[in-house]
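Here the structure comes first, spelled out in structure tokens, and everything after it is commentary.
Every number here is computed from the coordinates shown, using simple stated rules; none is lab data. Computed from a prediction, not measured in an experiment: that's the story for all the values here.
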Amino acid sequence: MDLDRIRAGPGDPDGLNPACDSGDKPHPNDARYRAMALAVLPVLR
């Protein structure tokens with residue numbers, strides 16, 4: 001599973017989407033962590 005796709009910025013697949021930034025650049029915000037958790041959940045079930 002490629003979680004980088006969930007947090008990627010438009011036009012920059014290696015960067016963090018500014019809308020998902022927690023404010024420190026390398027870490028996503030709470031909403032993006034939730035999106036990543038929901039993406040992984042079906043795999044764990």
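Scanning the stretch 2-32 for residues that are hydrophobic (A, V, I, L, M, F, W, C) and either part of a helix (DSSP H, G or I) or at positive phi (or both) gives ILE6, ALA19, CYS20, ALA31. Which residue, of LEU44, LEU3, is within 8 Å of the chain's Cα centre (by Cα) and hydrophobic (A, V, I, L, M, F, W, C)? Within the list LEU44, LEU3, the selection yields LEU3.
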